[in-house]
Amino acid sequence: MSETVVVKELTKHYGNIIAVDKVTFHVYEGEIFSLVGPNGAGKTTTVEILECLRRPTSGLAMVLGFDVVKEEEKIKRRIGVMPQDFNAFERLTVLENVELIARIYGVKPNLQSLLEELGLWHVRKRRFMELSGGMKRRVGICMALVNDPELLFLDEPTTGLDPQGRKECWDVIRKLKKMGKTVFLTTHYMEEVEKLSDRAAIIVNGKIKAIDKVDELINTHGGGVKVCVKGGSEVERLMRNLTRNFRHEEEGRIVGVFSNKQEALKAVLQLYNLNEECRVEVIEPNMNDVFLRLVGGRIDERGELV
Amino acid sequence: MNQILAIFSALLKNWVRSKSGVFFSFLFPVMLLLIFGTVFGGTESVRYRLYVQNFDFENGEPTDLSRAFINALNSTGAFEITELSPTLNVTAYVEENPSFSSYRILIIPKDFQRSTINRSIAAKISVATGLLGYVAERYSKDMNETMINELKTGWIALNQWKSSLETGKNNLLLLIDEGDTAAPVIKGIIYSVVNAFNNRLIGTEEVVSVESKSIVERKLKAADYYLPGYIAAFIMTNGVIGATSTISEYRRNGIVKRLAATPLSKASWIMGNILQQAVLAFMLTAIMIGLGWIVFHVRVHLDVCALLLIFTGAVAFSCVGMVLGGIIRDVEAASGAGNAIAFPMMFLSGAFWPIEMMPAYLQAIAKLLPLYYFHEGLRDIMIHKSPGSAAQAFLVLAVFAIVFLFLAIKITKWKEL
Ligand SMILES: Nc1ncnc2c1ncn2[C@@H]1O[C@H](COP(=O)(O)OP(=O)(O)O)[C@@H](O)[C@H]1O
Ligand SMILES: [Mg+2]
């Protein structure tokens, strides 16, 4: 798999603030890559360095094989961008906004099929300001697609959207992947990482805490699969045999933690084979657990670390 | 170029569709023109009220000379003359009528005609005797005895006649209020009429004469003054207030960032904005001229020079806007700063009233403001039809435009630090 983005020891200072601190990661062609972290973690700074909108203080950043410092023009022609808090010309229509970007690039794409693809053709004559939040973001993605880029940067594409808008946005992003695009997105929604991303990097205070395939992140840092069971002494004895990581919880519940799903399922099978009647619940770890274990906190709905 | 046009048309469309933008850019200036043009438009040219009390009567009729003098005052067109009856006690009248505002009374004394004629004869005699004396002194050696004696007799006879003439006081008396701001003007006009009379009566030719020619073929009206002033002032506000807040807004809402992420160059963005402001300026000019013509019958002269000056002004002031909008991040603060610059400039530059009405130190300040040169230049071209006089305006505005264009390029950030 070839590397679409290569970042090595990338650092960005704003005066005394170190916004990005010796960050190293790769993004592979055709994947959906997420940079996930709370507000102020350095996501936008990183993305905008890759978009050639900010200058790095030090380190290397290559996008599609071009250096962000020296080959700005070549990169800008080949990428698509939707900035954080995306806005277009309010009183221009959807179509006019998309056409503007096409004229800037000097390209003549088939706008009808592009707009249809994103479910925007029926609102093409509506002014941007009249659209719902979710539609506005789709217009943003559409504008980012006009030059048929190989790589798209979407900075917090679903922040501030209602669940419906967010889901529609995810569908569009999945479509991008099907179209063969590489998608680099930032988010503070763990759910977005799980549902959408192939790989993710967790960034906090300008530093990358972990980077891997999402499944692997959860397997490695999720803290194992929990099997919760309510039962008698037979159950307890079995659980003690199966795992060392074992504890009692309120209402007589017994929780055993297994390193992965296979182990947990084996345990569940054995529990069912007991004569004793029991109720079993399997709790798989998710990105929230990963984040909690790596960072020692949780990100709330607004993106703040708590 | 295509990029510039793309940006320009997007900006223009976005602006045209904004009701408040259009309101402040067009409706506000139009309203002001209508209001001010109407309020001050009534007096086509200034006429001063003047009361004349004539005591010079002969057989119950005013004398010919006093009549002629009043007619001469009238024919200057500067006065609205009311004659007061000679039986009236002026001081009492003024005291009785408090509404007798800014009294300006010219009193023609009794025997004005007789004294004046006698004095003019005396003056002519003086000229003649002076001439005789001059001839006697210069050419006596070429003359014989009889000629010299005849000369002497004539000289004596003339002087005797002169001393027999009754040359009583014939002074005109002008009563004028100390605080009357028009006093110097009125005195000036009366003096010149008196001078003309003196010359005519003595029979001298005018040695020095002033030939005065009207600069324009028709009388200037208030709206003539206001129209170029308003056009200039509102092109300025569109740049300094309008462009400042739109640029700042485009920066705040991320449009600038979105565009910076495309291959669009910073120069194209700036040019697109300037072009939009220039088109706005031309639209404003067209509307104001049209309105001035329909409502006030102001016919302006619009030529390439005028359009070029308008363009230069639009560039200069929109660059100011781009600089301000580029420096100040907060949209409210940016438009506040625009207002803080534009409003004092508008009022101080004399765009709304003749600069001569302002105290000297304010006039000095006005001449430091680019708007002063802008509206003066526009007036030179559009009303006085003398583009030559607008050369200074062109120069000042062009320098100003270049400096601020340069600053705009420096300050507009296409890339964050
Ligand atoms: N232009 C800037 N000047 C100074 N500090 C900045 C600037 N942009 C971002 N920062 C700071 O850098 C850090 C990272 O910001 P950012 O990259 O926007 O984070 P994120 O996108 O993850 O919320 C924050 O502490 C932020 O305050
Ligand atoms: Mg951000």
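The values are calculated or read from the model by the stated rules, or taken from the named source; none is laboratory data. Worth saying up front: this structure is predicted, and the values here are computed from it rather than measured. When we count neighbours, we look across all protein chains shown, and the Cβ atoms used for this are built from the backbone with ideal geometry, even at glycine. Areas reflect the complete protein model, heavy atoms only, side chains present, ligands, DNA and RNA absent. Shrake-Rupley method; radii C 1.70, N 1.55, O 1.52, S 1.80 Å.
Things worth noting here:
- Restricting the range A:104-127 to residues that are at the interface with chain B (Cβ under 8 Å from one of its Cβ atoms) and surrounded by fewer than 19 Cβ atoms within 10 Å (Cβ to Cβ), the residue that is farthest from B:L259 (Cα to Cα): A:R127
- Helices (runs of 4 or more DSSP H) within the range B:321-417 that include 2 or more residues open to solvent by 50 Å² or more (accessible area, probe 1.4 Å): B:331-348, B:360-366, B:391-411
- Pairing each residue of the range B:271-291 that is in contact (Cβ under 8 Å) with a residue 24 or more places away in the chain and more than 20 Å from B:S245 (Cβ to Cβ) with any residue that is of a type in the set (A, V, I, L, M, F, W, C) and outside any helix (DSSP H, G or I), provided the two are 6+ apart or on different chains, yields C-beta distances under 6 Å for B:I289/B:V300.
- Yes/no for A:A264 being within 16 Å of ligand 2 (Cβ to nearest atom), of a type outside the set (K, R) and either open to solvent by 70 Å² or more (accessible area, probe 1.4 Å) or away from every other protein chain (no Cβ under 14 Å) (or both): no
- Selection count where residues are in a loop (DSSP other than H, G, I, E, B) and more than 24 Å from the chain's Cα centre (by Cα), scope the range A:56-74: 4
- Conditions (1) open to solvent by less than 20 Å² (accessible area, probe 1.4 Å); (2) more than 16 Å from ligand 1 (Cβ to nearest atom); (3) in contact with a Leu (Cβ under 6 Å, 6 or more places away or on another chain); number of the one not met by A:L154: (2)
- Residue ID - surrounded by the most Cβ atoms within 10 Å (Cβ to Cβ), chosen from residues in the range A:64-82 that are under 23 Å from A:I208 (Cα atoms) and within 12 Å of another protein chain (Cβ to nearest Cβ): A:V81
- Tabulated pairs, the range A:63-87, first under 21 Å from A:G140 (Cβ atoms), second part of a loop (DSSP other than H, G, I, E, B) and within 16 Å of ligand 2 (Cβ to nearest atom), C-beta under 6 angstrom, 6+ apart or interchain: A:V81/A:E51; A:V81/B:A261; A:P83/B:G254; A:Q84/A:E156; A:D85/B:G254; A:N87/B:N253; A:N87/B:G254
- For the range A:1-49, the set of residues classified as open to solvent by 50 Å² or more (accessible area, probe 1.4 Å), within 16 Å of ligand 2 (Cβ to nearest atom) and among the hydroxyl-bearing types (S, T, Y) consists of A:Y14 only.
- Condition met for B:T116 (of a type in the set (V, I, T) and without any contact (Cβ under 8 Å) to a residue 60 or more places away in the chain): no
- Every listed requirement among (1) without any contact (Cβ under 8 Å) to a residue 60 or more places away in the chain; (2) more than 14 Å from chain B (Cβ to nearest Cβ) is met by A:L92 save one, (2).
- The helices (runs of 4 or more DSSP H) falling completely within the range A:177-273 that include 1 or more residues that are within 29 Å of A:L145 (Cα to Cα) map to A:190-196, A:214-221.
- Single match in A:K43, A:K12 (criterion: in contact with a Gly (Cβ under 6 Å, 6 or more places away or on another chain) and modelled with pLDDT of 95 or more): A:K43
- Verdict on A:R302 being within 16 Å of ligand 1 (Cβ to nearest atom) and in contact (Cβ under 8 Å) with a residue 24 or more places away in the chain: yes
- Search result, residues across the range B:141-200 that are open to solvent by 70 Å² or more (accessible area, probe 1.4 Å), assigned to a helix (DSSP H, G or I) and of a type in the set (A, V, I, L, M): B:M147, B:I156
- Residue match in the range A:28-37 (condition: within 14 Å of chain B (Cβ to nearest Cβ), of a type in the set (D, E, K, R) and not in a strand (DSSP E or B)): no
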